[in-house]
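Every number in this text was worked out from the coordinates using simple rules, so none of it is lab data. For clarity, every value in this text was computed on a predicted model and none was experimentally measured. Neighbour counts run over all protein chains shown; Cβ positions are idealised from the backbone, glycine included.
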Amino acid sequence: MSLAVLKFGGTSVGDGAAMRQAAQIIREATTRWDRVVVVTSAMGKSGDPRDNVKVTDLLLEAARSAAAGDGESYPRARRMLADKHHAAINATISNADERQRIGDEIDHLLSGFEMLCASVRVLGEVTPRALDAIAGLGERMAARILAGALRSIGVAAEPLDATDFIVTTDRYQSATPLMEPTRERTIARLTPLLQAGIVPVVTGFIGATQAGVPTTLGRGGSDYSASIIAAALDADEVFNYTDVDGVLTSDPRIVPNARTIEVLTAQEMSEMAYFGASVLHPMTIAPLVEKNIPLRVKNTFNPSHPGTLIVHRHEAAPSSSVIKAVTAIKNVSMMTVSGGGLKGVPGIAGRTFMAVARTNTSVLMISQASSEQNICFVIPKQAAPSVVVELSAEFSREMEHGEINPIENFDEASIITAVGMGISETPGVSGRVFSALGARNINVFAIAQGSSECAISMIVAADRCDEAVRALHALTEG
Ligand code: ADP
Ligand code: ASP
Ligand code: MG
């Protein structure tokens, strides 16, 4: 029995026309695969310029403004959400009873949204847990409409809330799955439908704790949902449908002439996603590696384009150029802990990163000078003030004695990363990278080479980031 998981991103279900297109792609897949599971994001950007509502963003903004005491934004958000979803229902669902039934379900979910926002407003604060309950409503609405759109074109389909079977930790806003219970429950919930020839249309992005409290897998998490479900069901392939022709050599918003990459290894893709290629959630690849499940990134709006295949064997992904892709993470801060007291004193690095961990901040990149005179690391910019406070407290004694300097914080930084399996194997790559930047007078403040050795990352000034990305992108050609 062959099984494919098809995931559709926000733009791919962004309005009625996009949903109809997605439904056609799914119907076509059911002719080629014995079993098909669909995972959907919340409705995103529409093809119609008059509708610029991205559902998850709007839900989160409404919740935050309710917490700030604003009693007008969330009822307005509800009206906008109702308009967008009802328009999609009218454009995709032909049967009047079905339209009514699904419309009622959307209104019911939206009443829940309004009630949650009203409570948040009374409380005057919104916890990560409440944010997850609110943020996940977009996927619940989209799954119902997409399943209806499928039934309208003769494909048996049923919407499912992943809160029933993706079991996660209680780390709200970036929960991770507990694979064993998730596998058991996913098999138990989906197999009877698949056996009956029904296409399950599962909500991306969301799960629930063991106790049943809703969680989310982090922004962009529907990609991760698709691979969690694929791993749980031992799928043969995952198709990730988005709004560009696959994974490109760089972010097309920075490099307009970025090209589709035909084949990438899982390692290369993981590095790209981790270092800023927002086309896939950074965790997407991990569940697929163990099961050796290939993933194809395709364009909903150009379905005949082959897109990008992500494979698990290095040999299967030959490349003519050593550097395959260049990515960027903007809005980061570079922190430096330095001073004579660092040299030869054990435990400074440990204390540094324990202090950072206490602020609940994840470190994106680390680089230590060989002289041991400084440790430098990169974190998201918004975490910088609390990290400086925590580090200054941790090392207050050493600072008093002049052994450690005041923490330096460079707030206007970006990480740029060149990715490709050949980087560690080919002599002279770093030379080419630094001359390309040097030729444009772009200063590199720190360097790190990931442990997988298929990526090399550099810190540059934020205002030179795009130029630096384009300079390195020129090295992908040839
Ligand atoms: P979806 O809603 O389908 O999940 P996303 O917006 O999350 O779509 O991801 C697709 C977007 O990622 C593209 O429209 C593009 O702007 C952006 N992107 C950034 N880097 C890359 C890259 N290297 N390759 C392809 N797309 C990229
Ligand atoms: N809807 C969620 C978000 O906007 C998840 C996703 O689209 O992958 O972050
Ligand atoms: Mg996405």
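How many Å³ per residue does the convex hull of the Cα positions in region 1-113 occupy?
On the way: hull volume 13.0 nm³, N = 113.
Each residue corresponds to 115 Å³ of Cα convex hull volume.
Give me the angle, in degrees from 0 to 90, between the Cα long axis of helix 73-92 and the longest principal axis of the Cα atoms of the chain, rounded to the nearest 10.
Taking Cα atoms only, the helix is inclined about 60 degrees.
What do you get for trypsin sites (Lys or Arg not before Pro) in region 33-89 restricted to DSSP loop and a cutoff of at most 14 other Cβ within 10 Å of the site's Cβ? Present the calculation step by step, with values, prior to reporting the outcome.
Working: sites: R35, K45, R50, K54, R64, R76, R78, R79, K84; in loops: K45, R50, K54.
Listed in order of number, the matching sites are R50.
With a cut-off of 8 Å between alpha carbons and a minimum separation of six or more residues, what is the relative contact order of the chain in percent?
Numbers: 1036 pairs, mean separation 61.8, N = 478.
This gives 13 percent for the chain.
How high is the FRET efficiency from Q373 to Q173, r the C-beta distance, R0 25 Å, rounded to 0.05? Provide the component values of the computation, followed by the final result.
Numbers: r = 37 Å, r/R0 = 1.48.
Computed FRET efficiency for Q373 and Q173: 0.10.
So for region 218-356, Kirkwood radius off the Cα pairs, Stokes-Einstein at 10 °C and 1.306 mPa s: how many µm² s⁻¹?
94 µm²/s
Would you please give the FRET efficiency between H401 and I447, computed as 1/(1 + (r/R0)^6) with r the Cβ-Cβ distance and R0 = 30 Å, to the nearest 0.05?
Details: r = 31 Å, r/R0 = 1.03.
The formula returns an efficiency of 0.45 here.
Between region 422-441 and region 229-256, what is the C-alpha centre distance in whole Å?
28 Å
Tell me, how many Å apart are the Cα centres for region 259-301 and for region 45-107?
So the two Cα centres are separated by 30 Å.
By DSSP, what percent of the beta bridges with both residues in the chain are antiparallel, rounded to the nearest 5?
60 percent
For R101 paired with N257, estimate the spin-label separation in nm (one decimal), with each label point 7 Å from Cα along the Cα-to-Cβ line.
5.4 nm
Evaluate the Debye formula for the chain with equal point scatterers sitting on the alpha carbons, no solvent, and hand back log10 of I(q)/I(0) at q = 0.08, 0.09, 0.14 Å⁻¹, in q order, two decimals.
The computed values of log10 I(q)/I(0) come out as -0.53, -0.66, -1.38.
What ranking do 268-280, 459-471 get when scored by the average of other Cβ atoms within 10 Å per residue, highest first?
On the way: 268-280: 24.0, 459-471: 18.8.
Packing order, densest peptide first, comes out as 268-280, 459-471.
Which whole-number percent gives the relative contact order of region 385-478, counting Cα pairs below 8 Å spaced six or more residues apart?
Details: 93 pairs, mean separation 28.7, N = 94.
Computed value for region 385-478: 30 percent relative contact order.
At a 10 Å Cβ-Cβ cut-off, how would you order E237, E453, fewest neighbours first? Walk me through the numbers before you get to the answer.
Numbers: E237 17, E453 13.
Fewest-to-most ranking of E237, E453: E453, E237.
Region 102-215: D in µm²/s via Stokes-Einstein (Kirkwood Rh, Cα pairs, 10 °C, 1.306 mPa s)? It would help to have the intermediate numbers written out before the result.
On the way: Rh = 15.1 Å.
For these conditions, the coefficient is 105 µm²/s.
I'd like to compare 440-446, 113-119: which one has the highest average count of other Cβ atoms within 10 Å, and what's the full order after that?
Taking the mean over residues of other Cβ atoms within 10 Å, the ranking is 113-119, 440-446.
Multiply the residue separation of R219 and R313 by 0.36 nm, subtract the distance between their alpha-carbon atoms, and state the gained length in nm to one decimal. The partial results should precede the final answer.
Values: separation 94, 0.36 × 94 = 33.84 nm, distance 2.87 nm.
Length gained between R219 and R313: 31.0 nm.
Based on the Kirkwood radius over alpha-carbon pairs, what is the Stokes-Einstein translational diffusion coefficient of region 47-147 at 25 °C with 0.890 mPa s viscosity, in µm²/s? Present the calculation step by step, with values, prior to reporting the outcome.
Details: Rh = 13.9 Å.
Translational diffusion coefficient: 177 µm²/s.
For E125 paired with A17, estimate the spin-label separation in nm (one decimal), with each label point 7 Å from Cα along the Cα-to-Cβ line.
My value for the distance between the label points is 4.6 nm.
Set the Förster distance to 30 Å, then compute FRET efficiency between V289 and S321 from the Cβ-Cβ distance, nearest 0.05.
Details: r = 24 Å, r/R0 = 0.81.
Given R0 = 30 Å and the Cβ-Cβ separation, E is 0.80.
By how many nm would the segment from R440 to E467 grow when fully extended, if each residue of separation counts as 0.36 nm and the alpha-carbon distance is taken off? Could the numbers behind the result be given before it?
Numbers: separation 27, 0.36 × 27 = 9.72 nm, distance 0.86 nm.
Separation in residues times 0.36 nm, less the Cα-Cα distance, equals 8.9 nm.
Does a label point 7 Å from the Cα of R64, set along Cα-to-beta-carbon, have any residues of region 110-131 with amide nitrogen under 16 Å, and which are they?
121, 125-131
Within region 391-437, report the GluC sites (Glu not before Pro) that DSSP leaves as loop and that have at most 13 other Cβ atoms within 10 Å.
Values: sites: E394, E398, E400, E403, E408, E412, E425; in loops: E403, E425.
Those satisfying the criteria are E425.
Given 0.36 nm per residue, what is the gain on full extension from Q24 to V363 after removing their alpha carbon distance, in nm? Walk me through the numbers on the way to the answer.
Working: separation 339, 0.36 × 339 = 122.04 nm, distance 4.23 nm.
Net length gain for the segment: 117.8 nm.
For a quick protection proxy, order the peptides 163-169, 68-74 by their average other-Cβ count within 10 Å, most packed first. List each step's numbers first, then the result.
Working: 163-169: 22.1, 68-74: 13.9.
Ranking, from highest mean packing down: 163-169, 68-74.
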